[in-house]
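Engineer: Here it is, the structure, as structure tokens.
Every number in this text was worked out from the coordinates using simple rules, so none of it is lab data. What you are looking at is a predicted structure, and each value in this text was computed from that prediction instead of being measured. In this analysis, Cβ positions are derived from the backbone assuming ideal geometry, glycine residues included, and neighbour counts consider all displayed protein chains.
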Amino acid sequence: MDIQGSLTGALILIAIILVSLSVHEFAHAFTANLFGDPTAKDLGRMSVNPIRHWDTIGTTLLVGLIFLSSLGLRVPVFGWGKPVPVDERNFENPRLYGLQVALAGPMSNFLLAAVLAIIYRLIQPAGLGAEVLIMAVYLNLFLMFFNLLPIPPLDGSRLLQLFLPAQLYFALASNPIIFIVIILGTLSFLLPYLLLATSFLAGRLLG
């Protein structure tokens, strides 16, 4: 069964994305709490429940665009989950722990992809089960690579904090217009490389 480009495929893709985003945001909240900041935990964000991480604009837009795409419309698919609030004043070492909290999200997607790949290799499913597992592995690896891009406010942008003055970094990170302009200006160039890296690593994990 080919689930791509169908309503069934859209529903499966949405489910995978919601779970993947929830794991990603949970990792941020869990790591922040581990290092002494309970802000996200107190707000109920240390959870893998997708509803807890649903962004009214970003996640709704993402789901809607996937449905439109499944109907045959050529639309760009993008969106985001609700960012986890982090108060770095609670960290003993704000710069170091803040970086680790940021990187916890992409690393959680890698770990999820690795676990799913292990399951795939152990049970060797066929048909729809195989397609779902493969799609989930690819999607989580893509999310990892995408979020590691050093572009504010993506997680990888925290690496810029090591080199940029604090005021400049936070000015970039807090301005969504700058983010949109940079993403639209660079993603068409970067996308083939992100997909190549995703395919390479997925091939290694899936065997």
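Engineer: Can you say whether Q124 is polar (S, T, N, Q), touching a Phe, Trp or Tyr at 6+ places or on another chain (Cβ under 7 Å) and surrounded by fewer than 22 Cβ atoms within 10 Å (Cβ to Cβ), as far as the supplied structure shows?
Structural biologist: For Q124, the condition - polar (S, T, N, Q), touching a Phe, Trp or Tyr at 6+ places or on another chain (Cβ under 7 Å) and surrounded by fewer than 22 Cβ atoms within 10 Å (Cβ to Cβ) - is not met.
Engineer: Assess whether L111 counts as being farther than 21 Å from L11 by Cβ, free of Cβ contacts under 8 Å to residues at least 12 places away in the same chain, out of contact with any strand residue (DSSP E or B) (no Cβ under 7 Å at 6 or more places or on another chain) and not charged (D, E, K, R).
Structural biologist: Yes: the conditions hold for L111.
Engineer: For region 86-99, state whether one or more residues are buried (at least 16 other Cβ atoms within 10 Å of the Cβ), hydroxyl-bearing (S, T, Y) and under 18 Å from A15 (Cα atoms).
Structural biologist: There is no residue in region 86-99 that is buried (at least 16 other Cβ atoms within 10 Å of the Cβ), hydroxyl-bearing (S, T, Y) and under 18 Å from A15 (Cα atoms).
Engineer: Further question on the same structure: Given the criterion farther than 26 Å from Q161 by Cα and surrounded by 15 or more Cβ atoms within 10 Å (Cβ to Cβ), identify the matching residue among I66, I57, I51.
Structural biologist: I66
Engineer: Ok, one more. For region 61-82, state whether one or more residues are within 14 Å of the chain's Cα centre (by Cα), under 23 Å from N147 (Cα atoms) and outside any loop (DSSP other than H, G, I, E, B).
Structural biologist: Within region 61-82, one or more residues are within 14 Å of the chain's Cα centre (by Cα), under 23 Å from N147 (Cα atoms) and outside any loop (DSSP other than H, G, I, E, B).
Engineer: Across region 112-157, what is the number of residues that are touching a Pro at 6+ places or on another chain (Cβ under 7 Å) and among the polar types (S, T, N, Q)?
Structural biologist: Qualifying residue count, region 112-157: 2.
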